[in-house]
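Attaching a single structure in structure tokens format; questions to follow.
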Amino acid sequence: MSTATLAPDVDELGRARFEELIAADEKVEPTDWMPDAYRRTLIRQISQHAHSEIIGMQPEGNWITRAPSLQRKAILMAKVQDEAGHGLYLYSAAQTLGITREEMYEQLLSGTAKYSSIFNYLTPSWADMGSIGWLVDGAAICNQVPLCRASYGPYARAMIRICKEESFHQRQGFEILLALMNGTDEQRAMAQESVDRWYAPALMMFGPPDDASPNSAQSMAWNIKRFSNDELRQRFVDMIVPQAEILGVTLPDPDLRWNEERGHWDHGALDWDEFRAVLSGRGQANSIRLGKRRRAHEDGAWVRDAARAYAGRQLSEVAS
Ligand SMILES: [Fe+2]
Ligand SMILES: [Fe+2]
């Protein structure tokens, strides 16, 4: 048998095995055959997720030096460091699909790769640390818990640890807002003003409505995505309404009401023009975030050089 006839057979066996794994809801591992489109979809999704974790360090890192107490500073530092860790697990998971770390950095720094639009909003008040933890990490949890069962093994396994940490992040944000809501009138007003700014952008984190989300069906067929954007958004709204009540904050949505028939909270329309504007680079902080990341990358060149030189020396010692 010539290799020309052998190659398609290998591919066919691989495809059959891949389809079996997906049908049985089992994990696809890096050494398994997978369709190019599945690989490309995962590289795009996991690398965008990694970029979001890394860029997401900035809006909160901005407050570390101004946190109101030593304890708040320690908690915030731990939270921001967790986000760096999430970025690193996810870059490693994406690398198992055949893309290099350098390629992913290049895509982020050149602006060709996207990251979550939520991080292009500014954080002018301390209460924003509360709103980010409660609403942004809260939305991330709703999005990410189902990803612990994603069909690609390295991604699913990374998500398990990430979700445990996100759950701590959400509680710390909630606790910041709770302390403010139990404080002075000024502190309560600060918390409410911040929730007013973050509520709608947090709801938009789940992406466009289902009828405007063309790639979702394929991702669901591949067991990467388990619930639609609107289903996940609904879970989030149902989760935060009772929490807002405990906090004593008002969610800025006049159309928010309990729908007895559906057994869910209805929410008002979202401003998708704003979402698209921020996504296309016209948000409050797009250029600030990317500029800072580029400078950090340049400033870190000596660390990468030193690590490479050290690794080279270790190798030559082993060889000699
Ligand atoms: Fe994270
Ligand atoms: Fe987080």
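When all C-alpha to C-alpha distances in the chain are sorted into bins of 20 Å, what percent of pairs does each bin hold, rounded to whole numbers?
Reading the bins upward from 0: 28, 54, 16, 2, 0.
Loop-only GluC sites (Glu not before Pro) in segment 215-320, please: DSSP not H, G, I, E or B, and at most 15 other Cβ atoms within 10 Å.
Filter output for segment 215-320: 260, 261.
Using the Kirkwood radius over Cα pairs, work out the Stokes-Einstein diffusion coefficient for segment 79-190 at 25 °C and 0.890 mPa s, in µm²/s as a whole number.
Numbers: Rh = 15.7 Å.
Result for D is 156 µm²/s.
Helix 70-95 versus the longest principal axis of the chain: what is the Cα-based angle in degrees, 0 to 90, to the nearest 10?
Long axis of 70-95 versus the principal axis of the chain: about 30 degrees.
I would also like to ask the following. Can you give the calculated 222 nm mean residue ellipticity of the chain, where each DSSP H run of n ≥ 4 adds -39,500 (n - 2.57) and the sum is split over every residue, rounded to the nearest 500 deg cm²/dmol? Please report the intermediate quantities before stating the final value.
On the way: 14 runs with 206 residues, N = 320.
That comes out to -21000 deg cm²/dmol.
For the chain, modelled as a GNM with alpha-carbon contacts under 10 angstrom, which of 233, 262, 44 fluctuates the most?
Ranking 233, 262, 44 by mean-square fluctuation puts 262 first.
Sequence-distant or interchain residues sharing an amide H contact under 5 Å with residue 152, placed H: which?
Under 5 Å from the amide H of residue 152 lie the amide H atoms of 28, each far enough along the sequence or on another chain.
Moving on. Carbon and sulfur atoms: what percent of the 1.4 Å accessible area of the chain do they account for? It would help to have the intermediate numbers written out before the result.
Details: 9230 of 16450 Å².
Result for the chain: 56 percent of the exposed heavy-atom area is carbon or sulfur.
Alpha carbons only, please: Rg and Dmax for segment 143-194, in angstrom.
Values for segment 143-194 (Cα only, Rg and Dmax): 16.5, 49 Å.
Here's something else I'd like to know. Would you please give the residues with an amide H less than 5 Å from that of residue 116, counting only those at least 5 places away or on a separate chain, with H modeled from the backbone geometry?
Under 5 Å from the amide H of residue 116 lie the amide H atoms of 52, each far enough along the sequence or on another chain.
Skipping prolines and chain starts, which residues have an amide H placed within reach, meaning under 5 Å, of the one on residue 225, given they are 5 or more residues away or on another chain?
Correct list: 220.
For segment 1-152, what is the Kirkwood hydrodynamic radius in Å, using each pair of distinct C-alpha atoms?
Numbers: mean 1/r = 0.0559 Å⁻¹.
This gives a value of 17.9 Å.
Largest first, what is the accessible-area ranking of 77, 181 with a 1.4 Å probe? Please list the in-between numbers first.
Values: 77 80, 181 25 Å².
From most exposed to least exposed: 77, 181.
Per-residue HN-Hα couplings for segment 190-206, Karplus 6.51 cos²θ - 1.76 cosθ + 1.60 at θ = phi - 60°, whole Hz, x for Gly and Pro?
5, 5, 5, 4, 6, 4, 4, 7, 8, 4, 5, x, 5, 5, 7, 4, 7
Of the cross-linked pairs 79/114; 164/292; 27/292, which ones have a Cα-Cα span greater than 32 Å in the structure shown?
On the way: 79/114 23 Å; 164/292 28 Å; 27/292 37 Å.
27/292, as the Cα separations exceed 32 Å there.
Turning to a different aspect of this structure: Report, to the nearest 10°, how far helix 301-319 tilts away from the longest principal axis of the Cα atoms in the chain, using its own Cα long axis and a range of 0 to 90°.
40 degrees
The values are calculated or read from the model by the stated rules, or taken from the named source; none is laboratory data. For clarity, every value in this text was computed on a predicted model and none was experimentally measured. Note that each Cβ is placed from the backbone with ideal geometry, even for glycine, and that neighbours are counted across all protein chains shown. These area figures cover heavy atoms from the full protein model, side chains too; ligands, DNA and RNA do not enter into them. Shrake-Rupley method; radii C 1.70, N 1.55, O 1.52, S 1.80 Å.
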